[in-house]
Amino acid sequence: MAEPAPTQPAGRMRSLVALAITLPALLIAAPAAAVAAGDAISVTVSDEVDEATPGDTVRYTVVVENAGDQPFSGTVNLRVPEFVELGASDATVGGGVASWSAEIPAQGSAKFQAVILVGEVPEDAYQVVTLAEVVDPRGGVVVRAADANEIPGAQRPADVPGLTAPTAHLPEWLMPAGILAAVILAAVSLATFGMLMARRKRPRTG
């Protein structure tokens, strides 16, 4: 008379099926906070001029807006080229970067200002490019914005065929869809492997 098969494989199968169901949801939910912060926080930087020459003093205004329903805490950075001098009140300044601590309430905004003095421009520079970025408490960049002023008389480099062609942007939904497909495939493969192992370990009846 055949002995009843042990129940361990059945329990293992239930665990694998549960893992296959919950794994995609866990992995998709993990980056939700970062995505929400990126959608809620926006930044702009402007100096209201289009050109900058050596000796010019340019004032920048950085505006950070929080359209979300949760307050945001982080850091606002303003990065400038090496050939300009940077000054900003209520900020930590060093290495061409001004940094402010930011506490922005839900549905609120904050404004930061800095001044630069354009120095001697290198021969290979044709713009004064200033970058503003919002950084979360973990050091991740949430959003960026840039302002570029032309330097009169500077020679813009010629376009190089094959190197300066516009970059094609992929649809925003493509990356999440690819991640979801990969996670589901991995979960199904894991469940299938578990079924095969359970069948292989099941005692034969005779």
Quick one: which of 114-120, 50-56 comes out on top by average Cβ neighbours within 10 Å, and what's the full order, highest first?
114-120, 50-56
Förster radius 41 Å - calculated FRET efficiency between Gln107 and Glu82, Cβ distance, rounded to 0.05
0.60
Within the under-13-Å Cβ sphere about Gln70, not counting Gln70, Lys/Arg +1 and Asp/Glu -1 give a net charge of -4
Note down the nm distance, to one decimal, between modelled labels 7 Å out along Cα→Cβ at Gln155 and at Val97.
3.4 nm
Here FRET efficiency (C-beta to C-beta, Asp90 to Ala148, R₀ 30 Å, nearest 0.05) is 0.70
Can you list residues whose amide H is under 5 Å from Val84's amide H, if they're 5+ apart or on another chain and H is modeled 1.01 Å from N?
Gly119
Carbon and sulfur %, accessible surface of the range 46-153 computed with the full protein complex present, 1.4 Å:
44 percent
Going by average Cβ neighbours within 10 Å, how do the peptides 92-98, 151-157, 124-130 rank, with the highest at the top?
124-130, 92-98, 151-157
Please give the net charge around Ala91, taking every other residue with its beta carbon less than 15 angstrom from that of Ala91, where Lys and Arg add +1 and Asp and Glu add -1.
-1
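The values are calculated or read from the model by the stated rules, or taken from the named source; none is laboratory data. Here the structure is a predicted model, which means the values were calculated and not measured. Using ideal geometry, Cβ is built from the backbone for each residue, glycine included, and neighbour counts are taken over all protein chains shown. Just so you know, the surface numbers come from the protein's heavy atoms only, side chains and all, with ligands and any DNA or RNA stripped out. Shrake-Rupley method; radii C 1.70, N 1.55, O 1.52, S 1.80 Å.
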